[in-house]
Amino acid sequence: MTRYEIVIGNTMKTVDLEHFVDQTVGTETYQCQIIGEKGNIRKLVVQRRDSHILLVSLDDKMYSVRQTKRTALTVDFILNGRRVHAHFPSEVGREETGVKSDIASVNELVSSNFPAKVVSIKASKGGKLKEGDTLLVLEAMKMEAQIKAPKNCEVVEVFVHEGEIVPRGTKLVQLKFT
């Protein structure tokens with residue numbers, strides 16, 4: 001589950017998003033809950049992804065989403081013509097997460113900071129990597145991020161597979177610094 005603070009105009013809401021597989025729909029689906037609104041769990045379905053635009057349905061209404069900016073802790077987008085800013089709550093800061101890339105914490109245990117899709121895996125068990133070598137490539141909200149080795153290391157274990165959708169906090173790769 002990932003918690004965001006979303007600002008639209010002068011209104012801020014705290015929202016929890018959780019990715020799940022809905023076999024009946026067969027598309028990318030999220031459970032969405034606005035914090036403070038009792039029993040208000042909604043189903044958000046990504047109907048179509050293009051290179052720059054997402055078409056999503058929420059409560060049987062269609063929305064067009066165009067991402068305009070993304071950082072490790074924020075994302076700005078246009079939602080049906082309205083500018084929206086989403087960010088992690090302040091208690092989830094760069095210092096606490098150890099963020100060294102847009103969507104993953106990279107230490108000896110590499111883990112996902114966001115729900116993401118594993119686009120490609122460049123490292124394999126037993127492989128030796130130099131500082132800056134790409135471990136894997138993740139995609140979140142149609143933006144790809146190369147996750148790189150922070151130091152010379154050896155790959156101890158790879159926990160994910162290409163094409164897999166991983167929730168926030170998922171262990172991706174175990175490294176041993178050399």
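Where a number appears in this text, it was derived from the coordinates with a stated rule and is not lab data. Treat the numbers as computed from the prediction; the structure is a model and nothing was measured. Quick reminder, even Gly has a Cβ in these numbers, built from the backbone with ideal geometry, and neighbours come from all protein chains shown.
Data for the structure
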quantity	calculated
Over the stretch 2-87, relative contact order from alpha-carbon pairs under 8 Å, at least 6 apart, %	21 percent
Three-way shape call for the chain based on the alpha-carbon gyration tensor, with the a/c threshold at 1.5	prolate
Peptides 47-57, 159-169 ordered by average Cβ neighbours within 10 Å, highest first	159-169, 47-57
Over the chain, relative contact order from alpha-carbon pairs under 8 Å, at least 6 apart, %	16 percent
Alpha-carbon gyration tensor eigenvalues x 5, square-rooted, for the stretch 2-87, Å	19, 18, 12
